Amino acid sequence: MDTIRVGQHWNRNAEAWTTMARAGYDVYRDCLNTPTFLAMLPDVEGRLGLDLGCGEGHNTRLLAQQGATMIGIDIASRFLQYARQTELEKPLGINYIQGSGPHLPFAANTFDFITAFMSLMDIPQPSHVLEECHRVLKPGGFLQFSISHPCSDTPIHRKRKDKQGAVQAIELGGYFQRLEGAIDEWTFSSAPEEIRNQWPAFQIPRFTQPLSAWLNQLVDAGLMIERVGEPFPNEETIAVCPHIADARVWPYFLHIRCRKP
Ligand SMILES: C[S@@+](CC[C@H](N)C(=O)[O-])C[C@H]1O[C@@H](n2cnc3c(N)ncnc32)[C@H](O)[C@@H]1O
């Protein structure tokens, strides 16, 4: 599947995704993924940053609130409409641009840093995106990204529950198989049924590759890994957000920060 088709799928997901995420139902993002990502992020105050695959701009706004000058880029125009509308209502100086990760419309050595929250694994041939990130980063600049953990987000993935119904383990398979746009259907599991049922399930084109492919593509792009995170919720987080308890059983997310020498 090419990037244009991928963008068409994300355009169709945009209204439901934005509405439910803004209503607080993207709990894995809000309780775990974004807080741990930001905790690993170096100081960005006064820096020029690109948020790649910014969606409706939730995380782009958090970076702007930390004092960064932000540009958000996404392939899906409908997500950008929501992002721009919010920027009009509550300006943070963010510029949103429609574009595609493998062909970034910026000059070489432009950005102090790039973030990509849960977007690189949604783009065919992420190696091209990593090369582009290297090109548009200034020397000394960094890329920090989160992806679905390649060791657990495999083509076969089944939860095993104990007698009380708690998730105890997962069965995994197809780790070495490369999905190239197979459609995955799901929605935010914490949303009540009457909310979820207002839209069809998200249709998400999946692209998978083993962990070694990700790491070797970073090396081949000329980026040096300096920090890795596998976020999991502590007891206090589970007390506030019990819905994400299964994130203690297997790694949902992988965070990597790497730098252009
Ligand atoms: C899982 S969403 C994440 C959105 C946002 N970063 C967040 O954390 O809420 C993946 C995003 O990647 C975007 N995307 C997919 N292919 C892209 C491409 N080739 N270039 C830029 N963005 C792309 C989608 O439109 C979507 O907004």
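The values are calculated or read from the model by the stated rules, or taken from the named source; none is laboratory data. Please read these numbers as outputs of a predicted model, since none were measured by experiment. Cβ: placed from backbone, ideal geometry, glycine included. Neighbour counts: every protein chain shown.
Some observations on this one:
- Segments classed as helices (runs of 4 or more DSSP H), wholly inside the range 1-91, with at least 2 members that are out of contact with any helix residue (DSSP H, G or I) (no Cβ under 6 Å at 6 or more places or on another chain), of a type in the set (Gly, Ala, Ser) and under 22 Å from Leu104 (Cβ atoms): 77-89
- Unique residue being within 8 Å of the ligand (Cβ to nearest atom) and of a type in the set (A, V, I, L, M, F, W, C) when the list is Ala23, Ala14, Ala64: Ala14
- Against the numbered list (1) modelled with pLDDT of 95 or more; (2) more than 8 Å from the ligand (Cβ to nearest atom); (3) β-branched (Val, Ile, Thr), Ile4 comes up short only at (1).
- Some residue of the range 167-175 being of a type in the set (Phe, Trp, Tyr) and within 17 Å of the chain's Cα centre (by Cα): no
- Some residue of the range 36-50 being in contact with a Cys (Cβ under 8 Å, 6 or more places away or on another chain) and either of a type outside the set (Val, Ile, Thr) or in contact (Cβ under 8 Å) with a residue 12 or more places away in the chain (or both): no
- Flag if Glu131 is among the charged types (D, E, K, R) and in contact with a Lys or Arg (Cβ under 8 Å, 6 or more places away or on another chain): no
- For the criterion of being within 26 Å of Ala21 (Cβ to Cβ) and either within 16 Å of the ligand (Cβ to nearest atom) or not in a helix (DSSP H, G or I) (or both), Ile195 fails.
- Out of Val228, Val136, Val219, sole residue that is within 22 Å of the chain's Cα centre (by Cα) and crowded, with 17+ Cβ neighbours inside 10 Å: Val136
- Checked against (1) touching a Lys or Arg at 6+ places or on another chain (Cβ under 9 Å); (2) over 26 Å from Ala221 (Cβ atoms); (3) surrounded by fewer than 20 Cβ atoms within 10 Å (Cβ to Cβ); (4) in contact (Cβ under 8 Å) with a residue 24 or more places away in the chain, Glu56 meets all criteria but (3).
- Positions within the range 168-203 being among the hydrophobic types (A, V, I, L, M, F, W, C), under 17 Å from Ser152 (Cα atoms) and in contact (Cβ under 8 Å) with a residue 40 or more places away in the chain, in sequence order: Ala169, Ile170
- Hits in the range 226-257 (condition: in contact (Cβ under 8 Å) with a residue 40 or more places away in the chain, small (Gly, Ala, Ser), part of a helix (DSSP H, G or I) and more than 12 Å from Ser152 (Cα to Cα)): Ala245
- Number of the exception - Gln98 against (1) near the ligand (Cβ under 10 Å from one of its atoms); (2) more than 13 Å from the chain's Cα centre (by Cα); (3) modelled with pLDDT of 95 or more; (4) within 21 Å of Ala213 (Cα to Cα): (4)
- Test: Leu41 is within 15 Å of the ligand (Cβ to nearest atom), surrounded by fewer than 21 Cβ atoms within 10 Å (Cβ to Cβ) and modelled with pLDDT of 95 or more: yes
- Conditions (1) in contact (Cβ under 8 Å) with a residue 40 or more places away in the chain; (2) in a loop (DSSP other than H, G, I, E, B): number failed by Leu218: (2)
Okay, residues lined up against (1) of a type in the set (D, E, K, R); (2) touching a Phe, Trp or Tyr at 6+ places or on another chain (Cβ under 9 Å); (3) within 30 Å of Thr110 (Cβ to Cβ):
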site	(1), (2), (3)
Glu171	yes, no, no
Phe176	no, no, no
Ala182	no, yes, no
Ser190	no, yes, no
Thr208	no, yes, no
Ile244	no, yes, no
Pro251	no, yes, no
Arg257	yes, yes, yes
